Amino acid sequence: MARARYVRNVDSLTQLSDRERRQLRVVADKYAFRANDYYLNLIDWSDPDDPIRRIIVPCTGELQAFGALDASDEETNYVAPGCQHKYPHTALLVCTQICGAFCRFCFRKRLFMDSNDEAVVNLDPGIDYIRKHTAITNVLLTGGDPLMLSTRRLESILRRLRTIPHVGIIRIGSKIPAFNPYRILDDPELIAALSRYSTREKRIYVMTHFNVPQEVTQVALRAVNRLLKAGVILANQTPLLRGINDRPETLAELIRTLSFAGVPPYYFFQCRPTEGNLPFALTMVEAYRLLESAKKKVSGLAKRARLVMSHASGKIELVGLTRTRMYLKYHRARNHEDEGRFLSFKRDDNAYWLDDLVPADHHPGKARDATLHSSHFLSRD
Ligand code: SF4
């Protein structure tokens, strides 16, 4: 099975000085730390700004006040324990609270807190809900990382979902190909289960979370290849992150390498204003320019990704920027009447999130911590 050895205490990071470890203990007490030796070995410890290091090693900047623990109000999406249903055709099953390591910028870091009970062992009520709601054609297994479940348990979830005729696509959101590819390489039963339930008519998609090119190792590529050979479709999604993948060359290399290997990009995410995420957040203008600049350096399927904000009111795409204005569009919307709605705002180079552009009572989602700007307008085509 998985060869990785897990590390849960910052005191085990002997590459850091005593002083650094002391400082980081305070951060890890607030937002859980978890790593593994495979992933830690990718770090160049001589570089304090190494991107892999920034992804999993705590930093004191996380203690700065910013955002909310549940920045997209996911708590309002639950229709059964462990089951979220926000958009008509898609349901989410939050099936574990564990990941191969913990990304410091995780938008679900609340799941790793003792007080949280969103991830459930008994998914029966959620699966029953999906069975009764025939509009649901897509089910996303999420968490946490579903590939951290035992193969037996994952197989049981896949088997039950495949008895529901209206469920076509099963998506598995996973950073295991980056965090611990041996989990895939060392378990033929996992591959057999994925192959069994990714059929000619109804595929399983694994949505990988590669953030930087350094994660796309030869071992990771072997795991990717194993999944592809099992008949699984792959696509990558990543937030755009300060100090991690915020150089156009880095991002271009990531999407070029992955698309060559059969993992074209799907979504690029605006970093959510989740507590602890200030060191990683890019403004909307920075993120838009970054992705546009990276896209100029790649071709073909590498270009297909969208930059979106997973806002409480819907998935909002950043579609354009001029000297004076910013243009957004609802790609998916919580309220049906917002579907496809086009939004135009006075350009604000300091805005991180929709709530920084528009007062709370002007959009359907809750707008906690909103910064109000006087000149904006909404228009619908
Ligand atoms: S893999 Fe995803 S869910 Fe897990 S810590 Fe990273 S961002 Fe969070």
For the range 296-318, pairs from a residue that is on the phi > 0 side of the Ramachandran plot and buried (at least 17 other Cβ atoms within 10 Å of the Cβ) to a residue that is at pLDDT below 95 and part of a loop (DSSP other than H, G, I, E, B), with Cβ under 7 Å and 6 or more apart or across chains, are Gly314/Arg334
Residue set Leu278, Leu290; condition over 18 Å from Cys106 (Cα atoms) and of a type outside the set (D, E, K, R); output residue Leu290
Of the residues in the range 145-159, those that are over 24 Å from Arg53 (Cα atoms) and in a helix (DSSP H, G or I) come to Thr151, Arg152, Arg153, Leu154, Glu155, Ser156, Ile157, Leu158, Arg159
When the range 60-83 is checked residue by residue, the ones that are buried (at least 18 other Cβ atoms within 10 Å of the Cβ) and of a type in the set (A, V, I, L, M, F, W, C) are Phe66, Ala71, Ala80, Cys83
- Message: Just checking, does the range 137-144 include any residue being away from the ligand (no atom under 14 Å from the Cβ) and outside any strand (DSSP E or B)?
- Response: yes
Inside the range 88-107, the number of residues satisfying the requirement of being more than 8 Å from the ligand (Cβ to nearest atom), farther than 18 Å from Ile157 by Cα and surrounded by 21 or more Cβ atoms within 10 Å (Cβ to Cβ) is 1
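Let's see how each residue does on (1) in contact with a Cys (Cβ under 8 Å, 6 or more places away or on another chain); (2) closer than 28 Å to Pro239 by Cα:
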| position | (1), (2) |
| --- | --- |
| Asp128 | no, no |
| Ala135 | no, no |
| Asn138 | no, yes |
| Leu147 | no, yes |
| Ile172 | no, yes |
| Lys175 | yes, yes |
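Quick check on Lys175: is it modelled with pLDDT of 95 or more, basic (Lys, Arg) and touching a His at 6+ places or on another chain (Cβ under 9 Å)?
Values: modelled with pLDDT of 95 or more: yes; basic (Lys, Arg): yes; touching a His at 6+ places or on another chain (Cβ under 9 Å): yes.
Yes.
Just for the range 292-334: of the residues that are hydroxyl-bearing (Ser, Thr, Tyr) and not in a strand (DSSP E or B), which one is farthest from the chain's Cα centre (by Cα)? Can you show your working first?
First pass over the range 292-334, keeping only residues hydroxyl-bearing (Ser, Thr, Tyr): 293, 299, 310, 313, 322, 324, 327, 330.
Pick out the ones that are also not in a strand (DSSP E or B) and you get 293, 299, 313, 322, 324.
Working: Ser293: 22, Ser299: 24, Ser313: 18, Thr322: 28, Thr324: 30 Å.
Filtering the range 292-334 for residues that are hydroxyl-bearing (Ser, Thr, Tyr) and not in a strand (DSSP E or B), the one farthest from the chain's Cα centre (by Cα) comes out as Thr324.
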Of the residues in the range 259-277 that are within 16 Å of the ligand (Cβ to nearest atom) and over 15 Å from the mean Cα position of the chain (by Cα), the one that is surrounded by the fewest Cβ atoms within 10 Å (Cβ to Cβ) is Glu275
Criterion first (in contact with a Lys or Arg (Cβ under 8 Å, 6 or more places away or on another chain), in contact (Cβ under 8 Å) with a residue 60 or more places away in the chain, at negative phi and assigned to a strand (DSSP E or B)) does Pro279 satisfy it?
no
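Check Leu141, Leu154, Leu194 and return the single one that is surrounded by fewer than 24 Cβ atoms within 10 Å (Cβ to Cβ) and of a type in the set (A, V, I, L, M).
Values: Leu141 fails: surrounded by fewer than 24 Cβ atoms within 10 Å (Cβ to Cβ); Leu194 fails: surrounded by fewer than 24 Cβ atoms within 10 Å (Cβ to Cβ).
None of the others qualify; the one that does is Leu154.
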Within the range 112-136, residues exposed (fewer than 15 other Cβ atoms within 10 Å of the Cβ) and more than 16 Å from the ligand (Cβ to nearest atom) come out as Asp114, Ser115, Asp117, Val121, Asn122, Asp124, Pro125, Asp128, Lys132, Thr134, Ala135
Residues of the range 31-78 being farther than 17 Å from Ser17 by Cβ and small (Gly, Ala, Ser), in sequence order, are Ala32, Ala35, Gly61, Ala65, Gly67, Ala68, Ala71, Ser72
Those residues of the range 342-361 which are surrounded by fewer than 20 Cβ atoms within 10 Å (Cβ to Cβ) and of a type outside the set (Gly, Ala, Ser) amount to Phe342, Lys346, Arg347, Asp348, Asp349, Asn350, Asp356, Pro359, Asp361
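The values are calculated or read from the model by the stated rules, or taken from the named source; none is laboratory data. All values derive from a computational prediction rather than experimental measurement. Here Cβ is always computed from backbone atoms with ideal geometry, including for glycine, and neighbour counts include all displayed protein chains.
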